[in-house]
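**Student:** Quick one: this structure, given as structure tokens, is what I'll be asking you about.
The values are calculated or read from the model by the stated rules, or taken from the named source; none is laboratory data. From a predicted model like this one, the values you see are computed outputs, not experimental measurements. Note that we place each Cβ from the backbone using ideal geometry, even for glycine, and neighbour counts take in every protein chain shown. Accessible surface is based on the protein model in full, side chains and every heavy atom, while ligands, DNA and RNA are left aside. Shrake-Rupley method; radii C 1.70, N 1.55, O 1.52, S 1.80 Å.
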Amino acid sequence: MEPGLRLLIQLVLEFAPVIVDLIQKRKEESLTTTNYLLPTVVNEAVRFGKNLMAENDSYDSSFEQTKLLQQQLAVYQRQTQLKVANQERETALKLPEVYKIFDSWPLRLYPSQILESQTNQGRTPLKVFLAPPQIKFDQFEHKTDGVSEIELMLAEGLRKLFNQHYSLHNPIRPTEFLAGAWDSKRFHSESSIKALYGILKTEPILILESENDGDYLNFRIAYWGFKQDKYYYKTIARLSYKEILQESAKSRALEWKKIRDELLALGENLEEINLLGRDNVFNLAILEKSEKWQAQGIDVSKLSLQYQVNHQDFEKLCQVLITCHFLVAAWVADVYHLVHYDVPPLLPKLLPSLLKDTFDLQSVQAIASGYKQVYQALEQERRYWVPELALQLAQSLSHLPDRSWAQEQIDYSISTWLELRQASPQEFANPLEAMQSAVRIEDEEYFQNLKEYFTAVSDRQSILSVEKLLDAIATLKYKLTLENANLRYTLTGHAGKVTSVAVSPDGEILVSGCADKTINLWNLQTGKLIRTLTENWGEVSSLAISPDGSFLAVGSCEHPKSNVKVLHLKTGKVLHTLLGHQKPVNVVAISPDGTILASGSNKIKIWNLDKGDRICTLWHSSAVHAVAISLDGTILASGSSDNKIRLWNPRTGDPLSTLNGHDGEVNSIAMSPDAQLVFSGSADTTIKVWHLATGKLLHTLTEHSEAVKSLAVTPDGQTLISGSADKTIKIWRLSTGELLQTLTGHSETVNSLALSPDGKLLASGSTDQTIKIWQI
């Protein structure tokens, strides 16, 4: 196995658990920790975290909100660490022991020069120092003048690789390679590392140290990142540089043998040929003897076979050392930028070109396993980001020869995505098809990255499946564009489902009633909250505004407070409390002429709006959910849980007729302005259009997938609008029954609809605790 690869595997085995431990400690240290030296910074972090949690509690604990919260907390924790580091950096040079530390200071740079380094787009670069080996080459019989240049060659080779892949000016993975900064002739080992950490612990630093130990190099690394309470320093491998030099000399000898044999075949003289071969002749003779002895069973490793080395062998050694140092630095840089800035690893993409054909299954497993350990630690920290993190790792591992590790991460990413969205893959041919049932616009970046992965591994079938998902997102975005073209405002402020909305006759005020026992008054044109009425309403079920805009009727469905209150709209003063219902009041309606008020529970009571006197009672056998009164006030239509629509004379209480046709309870009723048509919305998911005078069924509209909860008719009588438990609002052309448009902004049942007097604005109240204002 190539030395660089062997060294990298040893690093992964040793260092990955260390990084995992650091991540776990970071997770355990919540934003309320008091370990920081700066209480003001900590308090700021605590306040921010608490505010985020409070904001999250005021919303439905949805997937996207939780995911966003995890990201915000992670980002702010990093920002807080940076603030702490910046202030610690400012005080580092003021410590009284700083001059004692200088006695073991191993750098040619002053601390201030390092501490003053700039960030790159808000990212603090990882600083990499090289402590090169001091190899005693005088033990070799044939020395070269190039030996003293090994430090320069090593620095130049690393500089080239860092500039190409991990440059200081790279906005994604800024890494500062400080060649020549280490005083390698004087300083090595623990005391120097401790001196550095004492002053530079605010800076993320990696030190690559190689120290001569006989025929070996002890390869060590020292590392610390943000807010580490101690540094990591360990010997991760011993490299036999003598073996590397001799292997290079052997390779040259074998190449020389091929050339020699070719020249002999041409008839050249052997002695003249050997003059050209120089040290290759000597090395080939030793190599052939050793092979001969080995074939006879002699253990040649016990023999002191000295091959002659030259500048080519030292260049080979330098190249091996360059590769070893860079592989280690790249892996650590990958982990640093991943842990602190969510940047995916780059090294797996570089490995094939760096190591050529020296990969084997064991190597791939070790490298992939190291990255996987780090990612798993991050996943524990941010559960809702697992699909993105696993996909990110898969994209990095896809460059390795064995792609089974990448495929494992892809499978994990997709299965977790489905699990988090509570989508079952059992009913589908493959998991990608199952994703269709839960796809959202917010998933577009994830699916784009998924497509890039399948493109990289040439999985055509999966590419087609992901393209279907992206097509579905494009459709959702198109619908949202239409929706946003209509949507003017989303009003938030209620803490329960919005049960009813009503618009004043002048089109200026929107009133909303809620299960949270409050009534809000809004400016319909601006969406601003005017005031909140907090009288002891009980749970508000229904609202109605009188035609002159003076009165607001409020129905309560909270037993035993099941009553109706009439109040002055502008002042909120209660004028009448109408008692008599023994069951929850589900609906209130005021006649177009403003003289009577109807309230429905298991029966309908008709009241004089001005005086609050009861006029009559309309007897139902089941709960009444909907009431509408004709323009002239002569007909009242009611819908109930017995699936029927009844027509009444509201002045006398006489029943007129009954309309049958629904297979579920009737939740909503509306009438056309000319009193020719009555519309009914039902739990059977349909809307029926009836001729009011004859009771004939004219149309059945069937596009909703769940119960129809609310209906509204535009003032011109040309358009019907329906709200449903399927979370949609549908707009219909009444003359043909054609569905014109579907509005899909709500995330829960649409309970109530109200139109402005000019029919241009629509208000919708929903179980999602919001009111939306639409341009129609």
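**Student:** Name the residues in region 754-776 that are under 35 Å from the mean Cα position of the chain (by Cα) and open to solvent by less than 10 Å² (accessible area, probe 1.4 Å), would you? Explain how you work it out, then say what you get.
**Tutor:** Of region 754-776, the ones under 35 Å from the mean Cα position of the chain (by Cα) are 762-776.
Matches in region 754-776: 762, 763, 764, 765, 766, 771, 773, 774.
**Student:** For region 325-338, state whether one or more residues are closer than 20 Å to residue 446 by Cβ and either open to solvent by 10 Å² or more (accessible area, probe 1.4 Å) or β-branched (Val, Ile, Thr) (or both).
**Tutor:** At the first step, the residues of region 325-338 found to be closer than 20 Å to residue 446 by Cβ are 338.
If we keep only those that are either open to solvent by 10 Å² or more (accessible area, probe 1.4 Å) or β-branched (Val, Ile, Thr) (or both) too, we end up with none.
No, region 325-338 contains no residue that is closer than 20 Å to residue 446 by Cβ and either open to solvent by 10 Å² or more (accessible area, probe 1.4 Å) or β-branched (Val, Ile, Thr) (or both).
**Student:** Taking residue 665 as meeting all but one of (1) without any contact (Cβ under 8 Å) to a residue 40 or more places away in the chain; (2) open to solvent by 20 Å² or more (accessible area, probe 1.4 Å), write down the number of the exception.
**Tutor:** Every listed condition holds for residue 665 apart from (1).
**Student:** With the condition being over 30 Å from residue 307 (Cβ atoms) and open to solvent by 70 Å² or more (accessible area, probe 1.4 Å), I'd like the strands (runs of 3 or more DSSP E) fully within region 177-268 carrying at least 1 qualifying residues. Don't jump to the end; show me each part of the working.
**Tutor:** On the way: elements: 205-213, 216-224, 232-240.
Of the strands (runs of 3 or more DSSP E) lying wholly inside region 177-268, those with at least 1 residues that are over 30 Å from residue 307 (Cβ atoms) and open to solvent by 70 Å² or more (accessible area, probe 1.4 Å) span 232-240.
**Student:** Residues of region 567-609 being open to solvent by less than 30 Å² (accessible area, probe 1.4 Å) and not hydrophobic (A, V, I, L, M, F, W, C), which ones?
**Tutor:** Let us first name the residues in region 567-609 that are open to solvent by less than 30 Å² (accessible area, probe 1.4 Å), namely 567, 569, 572, 578, 580-581, 585, 587-591, 594, 596-601, 604-607, 609.
Passing the criteria: 572, 580, 581, 591, 594, 599, 600, 601, 605.
**Student:** Only one residue in 434, 429 is free of Cβ contacts under 8 Å to residues at least 24 places away in the same chain and in a loop (DSSP other than H, G, I, E, B), so which one is that? Reasoning before the result, please.
**Tutor:** Working: 434 fails: in a loop (DSSP other than H, G, I, E, B).
Just one listed residue meets the conditions, 429.
**Student:** Within region 448-455, can one find any residue that is aliphatic (A, V, I, L, M), more than 21 Å from residue 400 (Cβ to Cβ) and in a helix (DSSP H, G or I)?
**Tutor:** Restricting attention to region 448-455, the residues satisfying the condition of being aliphatic (A, V, I, L, M) are 450.
Then drop every residue that is not more than 21 Å from residue 400 (Cβ to Cβ), which leaves none.
The answer is no, given that none of the residues of region 448-455 is aliphatic (A, V, I, L, M), more than 21 Å from residue 400 (Cβ to Cβ) and in a helix (DSSP H, G or I).
**Student:** Can you tell me how many residues within region 634-645 are touching a strand residue (DSSP E or B) at 6+ places or on another chain (Cβ under 7 Å) and surrounded by fewer than 22 Cβ atoms within 10 Å (Cβ to Cβ)? Walk me through how you get there before you give the answer.
**Tutor:** Step one: of region 634-645, the residues touching a strand residue (DSSP E or B) at 6+ places or on another chain (Cβ under 7 Å) are 635-641, 643-645.
Among the residues that remain, those that are also surrounded by fewer than 22 Cβ atoms within 10 Å (Cβ to Cβ) are: 635, 641, 643-644.
Going through region 634-645 one residue at a time, the tally reaches 4.
**Student:** Can you give me the number of residues within region 280-322 that are part of a helix (DSSP H, G or I) and free of Cβ contacts under 8 Å to residues at least 12 places away in the same chain?
**Tutor:** Qualifying residue count, region 280-322: 11.
**Student:** Of the residues that sit in region 372-412 and are in contact with a helix residue (DSSP H, G or I) (Cβ under 7 Å, 6 or more places away or on another chain) and among the acidic types (Asp, Glu), which one is surrounded by the fewest Cβ atoms within 10 Å (Cβ to Cβ)?
**Tutor:** The extreme case among them is 402.
**Student:** In region 697-720, what count of residues is obtained for those that are outside any loop (DSSP other than H, G, I, E, B) and either farther than 11 Å from residue 684 by Cα or over 36 Å from the mean Cα position of the chain (by Cα) (or both)? Give the derivation first.
**Tutor:** Let us first name the residues in region 697-720 that are outside any loop (DSSP other than H, G, I, E, B), namely 697-701, 708-713, 719-720.
Add one more test, that the residue is either farther than 11 Å from residue 684 by Cα or over 36 Å from the mean Cα position of the chain (by Cα) (or both), and what stays is 697-701, 710-713, 719-720.
Going through region 697-720 one residue at a time, the tally reaches 11.
**Student:** Confirm whether residue 419 is more than 21 Å from residue 454 (Cα to Cα), free of Cβ contacts under 8 Å to residues at least 24 places away in the same chain and open to solvent by less than 30 Å² (accessible area, probe 1.4 Å). Walk me through how you get there before you give the answer.
**Tutor:** Details: more than 21 Å from residue 454 (Cα to Cα): yes; free of Cβ contacts under 8 Å to residues at least 24 places away in the same chain: yes; open to solvent by less than 30 Å² (accessible area, probe 1.4 Å): no.
The answer is no for residue 419.
Listed here are the residues, each with its yes/no results for (1) touching a helix residue (DSSP H, G or I) at 6+ places or on another chain (Cβ under 6 Å); (2) surrounded by fewer than 18 Cβ atoms within 10 Å (Cβ to Cβ).
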site: 441; (1), (2): yes, yes
site: 456; (1), (2): no, yes
site: 475; (1), (2): no, yes
site: 504; (1), (2): no, no
site: 515; (1), (2): no, no
site: 534; (1), (2): no, yes
site: 542; (1), (2): no, no
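**Student:** Moving on to the next point. Anything in region 669-696 that is more than 17 Å from residue 641 (Cα to Cα) and assigned to a strand (DSSP E or B)? List them, or say none. Give the derivation first.
**Tutor:** Our first condition is that a residue be more than 17 Å from residue 641 (Cα to Cα); within region 669-696, this holds for 671-678, 689-696.
Across region 669-696, the qualifying residues are 671, 677, 678, 689, 690, 691.
**Student:** Could you give every pair whose Cβ atoms fall below 6 Å, whose first residue belongs to region 184-203 and is more than 13 Å from residue 228 (Cα to Cα), and whose second residue is at pLDDT below 85 and not in a helix (DSSP H, G or I), counting only separations of at least 6 or pairs across chains?
**Tutor:** 184/132; 187/106; 188/211; 192/106; 195/105
**Student:** Any residue in region 677-699 that is out of contact with any Asp or Glu (no Cβ under 8 Å at 6 or more places or on another chain), without any contact (Cβ under 8 Å) to a residue 60 or more places away in the chain, of a type outside the set (Val, Ile, Thr) and at positive phi?
**Tutor:** yes
**Student:** I want to confirm something. Restricting to region 522-532 and keeping residues that are in contact (Cβ under 8 Å) with a residue 24 or more places away in the chain and in a strand (DSSP E or B), which single residue is surrounded by the fewest Cβ atoms within 10 Å (Cβ to Cβ)?
**Tutor:** Selected residue: 531.
**Student:** Between a residue in region 716-727 that is farther than 13 Å from residue 751 by Cβ and without any contact (Cβ under 8 Å) to a residue 60 or more places away in the chain and any residue that is among the aromatic types (Phe, Trp, Tyr) and crowded, with 19+ Cβ neighbours inside 10 Å, which pairs come within a Cβ distance under 8 Å, given they are 6 or more apart or on different chains?
**Tutor:** These pairs meet every condition: 719/732; 720/679; 720/732; 721/732.
**Student:** Additional query: Out of the residues in region 466-512 that are touching a Pro at 6+ places or on another chain (Cβ under 9 Å) and not in a strand (DSSP E or B), which is farthest from residue 752 (Cα to Cα)?
**Tutor:** Taking region 466-512 as the starting set, the residues that turn out to be touching a Pro at 6+ places or on another chain (Cβ under 9 Å) are 503-507.
In the following step, the residues that additionally are not in a strand (DSSP E or B) were identified as 504-507.
On the way: 504: 15, 505: 17, 506: 20, 507: 17 Å.
Taking the candidates together, the pick is 506.
**Student:** Residues of region 721-753 being within 17 Å of residue 479 (Cα to Cα), in contact with a strand residue (DSSP E or B) (Cβ under 7 Å, 6 or more places away or on another chain), part of a loop (DSSP other than H, G, I, E, B) and open to solvent by 60 Å² or more (accessible area, probe 1.4 Å), which ones?
**Tutor:** 727, the sole residue that qualifies.
**Student:** Another question, if that's okay. Residue 411 - would you say it is modelled with pLDDT of 90 or more, under 30 Å from residue 365 (Cα atoms) and out of contact with any strand residue (DSSP E or B) (no Cβ under 9 Å at 6 or more places or on another chain)?
**Tutor:** Details: modelled with pLDDT of 90 or more: yes; under 30 Å from residue 365 (Cα atoms): yes; out of contact with any strand residue (DSSP E or B) (no Cβ under 9 Å at 6 or more places or on another chain): yes.
Here the answer is yes, as residue 411 does meet what is asked.
**Student:** Report yes if some residue within region 269-279 is part of a helix (DSSP H, G or I) and within 50 Å of the chain's Cα centre (by Cα); otherwise report no.
**Tutor:** Residues of region 269-279 part of a helix (DSSP H, G or I): 270-277, 279.
In the following step, the residues that additionally are within 50 Å of the chain's Cα centre (by Cα) were identified as none.
Within region 269-279, not a single residue is part of a helix (DSSP H, G or I) and within 50 Å of the chain's Cα centre (by Cα).
Per-residue answers, yes or no, for (1) under 22 Å from residue 479 (Cβ atoms); (2) modelled with pLDDT of 95 or more:
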position	(1), (2)
646	no, yes
668	no, yes
674	no, no
704	yes, yes
715	no, no
